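Below: the structure, in structure tokens.
The values are calculated or read from the model by the stated rules, or taken from the named source; none is laboratory data. Quantities reported herein were computed from a predicted structural model and do not represent experimental measurements. Positions of Cβ are generated from backbone atoms using ideal geometry, with glycine treated the same way; all protein chains shown enter the neighbour counts. Just so you know, the surface numbers come from the protein's heavy atoms only, side chains and all, with ligands and any DNA or RNA stripped out. Shrake-Rupley method; radii C 1.70, N 1.55, O 1.52, S 1.80 Å.
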Amino acid sequence: MSTAATPQTVSPAKPSAPDPTAAPAPTPAARPAMDWRIRFGVLSLIWGFSFLLIKVGTEGYAPFQVTLGRLLSGTAVLAVAMAVRRERLPRGARTWGHLAVAAFFLNALPFSLFAHAELTIPSTLAGICNATSPLWGMALSLVALSEDRPTRRRVAGLGLGFLGVLTVLGAWQGFSGLDFGGTAMALLASLSYPIGWIYVRRTLAGSGSSTLALTGGQLFLGTVQLALVTPLFTSAPGGFPLLPTLAVVALGALGTGLAVLMQYGLVEEVGPTTAQMVTYLIPVIATAAGVVVLGERLSWNTPVGALVVLAGAALTQSRARGRRGSGVRAGVTDHP
């Protein structure tokens, strides 16, 4: 959970190129103990179940409180990872200013919107709305990134994807039974991710800090933002119900902390193109989790429309042979 979805930060344009500031490359014997395919599956499950965890969290806490707890847990995990790897936070007021904007669009805003949305819409619908991020990203890149020129295939993917959105929403029925406010929030959350990705690419590329350091600083600032906002719109919780509390902690520690670290490893081992394919499994898992665990109802147009959305999203990410993509490339994505 789109990256973020983790939060999304800048990685080198060519991940295989040597980095003079990086630690020496590990020897072939230093391979991860777990096969990348297994880690890929675990990452898909973590981000796919994030929407279920949000739903459970909002049963005991206000949406802003869910988001604040999520960011606190996620920041704590990355802080431990940075301490173990002896990473330092970025330096420079300008870098921190850019990270504050990135934290708003990639963490504070979308996390809060999804939490508010799931007060009135099923977690299955929220997960499918999250899958529209590549569509929004492609549309924005045509305006914001002059070097990312459209192709017929990618424009067709954009049109196909939004046709899928209309199918999910049941447009031919006049959107009967649809909560417009919650759905709009989920779609805006999905739009927020590519806005943040484009901003990060334009402002933080070549900052000299590692991806982990940038992401740690970004999550810290997102936590500060929510800590300032939450008391203004919510009152202190009357208690700490067990299940919602565990859901919020798991949402942050796993979906916003551990998952980011897992995707780091996947990007380094199999490259960003393969690693980002997890995006297409998230709505499938989110839908299955919502139906099986939460008992949410599923009409025929929801899975059919979701497949159309994913097909369109895949087309928007396709590139001509022999041409290296110039879109927003990042080391990690936090979802939702």
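All Cα-Cα distances of the stretch 59-202, cut into 10 Å bins from zero to the largest, leave 10, 31, 32, 20, 6, 1 percent in each bin in turn. Working note: Debye formula, equal point scatterers on the alpha-carbon atoms of the stretch 166-215, no solvent; log10 I(q)/I(0) at q = 0.23, 0.26, 0.31 Å⁻¹ is -0.87, -0.98, -1.11.
Dividing the Cα radius of gyration of the stretch 98-140 by its Kirkwood radius returns 1.03 for Rg/Rh. In plain terms, the chain from Thr203 to Leu142 could stretch by 20.1 nm, reckoned as 0.36 nm per residue minus the Cα-Cα distance.
The mean of 1/r over all distinct Cα pairs in the stretch 212-252, once inverted, gives the Kirkwood hydrodynamic radius of 12.1 Å.
Tell me whether the stretch 210-294 comes out rounded, prolate or oblate; compute the Cα gyration tensor, take square roots of the eigenvalues as a ≥ b ≥ c, and use a/c under 1.5 as the rounded threshold. Since a/c reaches 1.5 but b/c is at least a/b, the shape of the stretch 210-294 is classed as oblate.
The order of the peptides 225-234, 257-266, 65-74 by mean Cβ neighbours within 10 Å, most packed first, is 65-74, 257-266, 225-234.
Computed over neighbours whose Cβ is under 15 Å from that of Lys55, the net charge equals -2, Lys and Arg +1, Asp and Glu -1.
Site pair Val293 and Thr234 shows an inter-label distance of 1.9 nm when each label is modelled 7 Å from Cα along Cα→Cβ. Would you work out if the stretch 134-285 is rounded, prolate or oblate? Take a ≥ b ≥ c from the square roots of the eigenvalues of the alpha-carbon gyration tensor; rounded if a/c is under 1.5, else prolate when a/b is larger than b/c, oblate otherwise. Oblate.
Given R₀ = 25 Å, what would the calculated FRET efficiency be for Ala311 paired with Glu59, taking r from the Cβ atoms and rounding to 0.05? Calculated value: 0.15.
Of the listed residues Phe162, Phe240, Phe114, the order by accessible area with a 1.4 Å probe, largest first, is Phe240, Phe162, Phe114. The peptide list 97-106, 46-55, 116-125, put in order of mean Cβ contacts within 10 Å with the highest first, becomes 46-55, 116-125, 97-106. Glu87 contributes about 70 Å² of solvent-accessible surface, heavy atoms of the protein only, 1.4 Å probe. Extension gain, Met277-Arg94: 0.36 nm per intervening residue step, less the Cα-Cα distance, totals 62.6 nm.
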